[in-house]
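Peer 1: Got a structure for you, written out below as structure tokens; questions coming shortly.
The values are calculated or read from the model by the stated rules, or taken from the named source; none is laboratory data. None of these values were measured; they are calculated from a predicted model. FYI the Cβ positions are ideal-geometry reconstructions off the backbone, even for glycines, and counts take in every protein chain you see. Keep in mind that these areas ignore ligands, DNA and RNA; they rest on the heavy atoms of the full protein, side chains included. Shrake-Rupley method; radii C 1.70, N 1.55, O 1.52, S 1.80 Å.
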Amino acid sequence: MLSSASRTQVGNAGYLRGLTVSGAVVVLLALGGVVRADELYVPGDYGTIQAAIDAAGDGDEVVIADDTYTGDGNRDLDFSGKAITVRSASGDPALCVIDCGGTVEEPHRGFYFHSGEEAESVVDGLTIINGYAPLESVGDGSYSVGGAICCVNASSPTVRRCVLRSNYAFGDDPATAGGFGGGAICCWASDPTIEYCWISDNETGDDGAGVFCYSSSATLLACVIAGNDAGDSGGGVYCRYGGAPQLRSCLVHGNRADHGGDKRGGGVFCRDGASVLLENCTLCRNAAQIGGGLRAYNATATVYNCILWYNTASESGPQIAISGVSGNALVTYSNVEGCGWTGVGNICGDPLFADPDGADDNASTWEDNDYRMTYSSDCVDAGDPEFVAEAGELDLDGNLRLWDGGLDGVAVVDMGAFEFGATIYGDTNCDGYVTFDDITPFVTAIVGQAEYEAQYPGCNWLTADCDFNGAVNFDDIDAFVGLIVGGG
């Protein structure tokens, strides 16, 4: 691991030693260089979210006070191509809710991206519930797609730290289960980035109850996709017709595609030329008739550093099912129950999850199931030893993706969505949170490793390495301030 005190910048100690907490705050904020865009407040400045969006210009932020928002102007929200951020004031999606109030008779969704938006168009820190996907003219017809968020016409926004729950895509008659799907999100010839989101309890009469990708290369990073229910295929995620969607550090569990329709791919289903990457993902307790965890039909699925366990299929392929002339799965450095995959680095022993049945000892109530690994798990430090994490890459818990969980002095990536033994960056007093209480220990860490470890025994000096470059020095101040003020 990166632990040498020599990495600390020479000269920091004389400048920072002895600072009080208030003095540290002044120094950090002065050096941090925090710059805020113009902010438009709802409801302080504007009565509805859409009114604030309409008034915003590129680079602005629409800041929504914690509350529940309903009715026209607070649903079917349209960025009209603007590069703006719409975010909750607190950053806590549980406190800032858009209730779409959608029904068969009056369908409404949360956000509609159709004007070529790019990554600079951001939705951050909101909960979207009770969306009912309107009919959308896509492909060769009109379909009910995207109950919470719909991305069409090469629109590729960023959706960050959001909860998308209890949204629906059933067409104009749920009894006939019409439409293509995307109970929560539809990505049609669009490539959004969806990161740190919770996508659960969404439904569709057709495909992709959680996420529906059609000719899309969407990226899902550190997301929970759980408890979604598809009438046909792809309970969690559905991919079709080209594109190369990626799921990285995601937990896909408790999804269903096992009643009605083709019943394929309880967790993930890809078909017809799609090429999906599952990297450091955990797929557990998904159910389908064919391919409980994953199915690839005339498509390619790459499974890398993953865990597939406890998935079920009533007919075939409980963990992975491959079919079609060009169907293929490339499985390496993964733990797949049943020992049916012999690729490089694969294992098939019990992953020894912390509590896979949850506190209620009921595996079917997925909400409390804990798929983090225990120390004895063979999945710890069992991923690809040549794996190189991207700068700042995090696991599903928000900890650094690459960590020496085996405590043998060599950092090797784990299998699955969670990195065992990793730490929370910025949490320099190691209480599990990043707050103003971390400022004084952060300053101490910059003074030097020895002094920090003497004052904070049991804490890890590298929690102060907030720019993730292996050094603790002045260069970490901007990133630390961003974590403190909620911009990290």
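Peer 1: Just to be sure before I move on: is residue 47 modelled with pLDDT under 95, open to solvent by 30 Å² or more (accessible area, probe 1.4 Å) and more than 22 Å from the chain's Cα centre (by Cα) in the structure I sent? Quick ask: steps written out before the conclusion?
Peer 2: Values: modelled with pLDDT under 95: no; open to solvent by 30 Å² or more (accessible area, probe 1.4 Å): yes; more than 22 Å from the chain's Cα centre (by Cα): yes.
Judged against the criteria, residue 47 is not a match.
Peer 1: Show the residue pairs meeting these rules: Cβ distance below 8 Å; 6+ apart or different chains; first residue within segment 103-115 and of a type in the set (Lys, Arg); second residue open to solvent by 50 Å² or more (accessible area, probe 1.4 Å).
Peer 2: Going by the 8 Å Cβ cut-off, the qualifying pairs are 109/76.
Peer 1: Here's something else I'd like to know. Pairs needed: first member in segment 152-168, in contact (Cβ under 8 Å) with a residue 12 or more places away in the chain; second member anywhere, open to solvent by less than 30 Å² (accessible area, probe 1.4 Å) and among the charged types (D, E, K, R); C-beta distance under 7 Å; at least 6 residues apart or different chains.
Peer 2: Going by the 7 Å Cβ cut-off, the qualifying pairs are 152/136; 155/117; 156/117; 157/117; 160/124; 160/195; 161/124.
Peer 1: Here's a follow-up. For segment 85-107, give me each residue that is open to solvent by 30 Å² or more (accessible area, probe 1.4 Å) and either within 21 Å of residue 132 (Cα to Cα) or part of a strand (DSSP E or B) (or both).
Peer 2: Taking segment 85-107 and keeping what is open to solvent by 30 Å² or more (accessible area, probe 1.4 Å), we get 87, 89-92, 94-95, 99, 101, 103-107.
Answer for segment 85-107, where residues must be open to solvent by 30 Å² or more (accessible area, probe 1.4 Å) and either within 21 Å of residue 132 (Cα to Cα) or part of a strand (DSSP E or B) (or both): 87, 94, 99, 101, 103, 104, 105, 106, 107.
Peer 1: Working only within segment 428-445, note down all residues that are open to solvent by 10 Å² or more (accessible area, probe 1.4 Å) and assigned to a loop (DSSP other than H, G, I, E, B). So that I can check it myself, show each step before the final result.
Peer 2: Restricting attention to segment 428-445, the residues satisfying the condition of being open to solvent by 10 Å² or more (accessible area, probe 1.4 Å) are 429-437, 440, 443-444.
Of everything in segment 428-445, those that are open to solvent by 10 Å² or more (accessible area, probe 1.4 Å) and assigned to a loop (DSSP other than H, G, I, E, B) turn out to be 429, 430, 431, 432, 433, 434, 435.
Peer 1: Report, by residue number, each residue of segment 121-138 that is in a loop (DSSP other than H, G, I, E, B) and either open to solvent by less than 10 Å² (accessible area, probe 1.4 Å) or touching a residue at least 60 places away in the same chain (Cβ under 8 Å) (or both).
Peer 2: Quick first cut of segment 121-138, residues in a loop (DSSP other than H, G, I, E, B) only: 121, 125-126, 130-131, 133-134.
Correct list: 121, 125, 126, 131, 133.
Peer 1: Please enumerate the residues belonging to segment 208-223 that are at negative phi and open to solvent by less than 10 Å² (accessible area, probe 1.4 Å).
Peer 2: Those that are at negative phi and open to solvent by less than 10 Å² (accessible area, probe 1.4 Å): 209, 210, 211, 212, 213, 216, 218, 220, 223.
Peer 1: Quickly run through segment 70-84 and pick out the residues that are out of contact with any Ser or Thr (no Cβ under 7 Å at 6 or more places or on another chain) and surrounded by fewer than 22 Cβ atoms within 10 Å (Cβ to Cβ). Show your work before the answer.
Peer 2: In the first step, residues of segment 70-84 are kept if they are out of contact with any Ser or Thr (no Cβ under 7 Å at 6 or more places or on another chain); the result is 70-72, 75-78.
Listed by number, the residues that qualify are 70, 71, 72, 76, 78.
Peer 1: Go through (1) modelled with pLDDT of 95 or more; (2) crowded, with 18+ Cβ neighbours inside 10 Å; (3) more than 28 Å from residue 270 (Cβ to Cβ) one by one and return the number of the condition residue 400 breaks.
Peer 2: (1) is the only condition that residue 400 fails.
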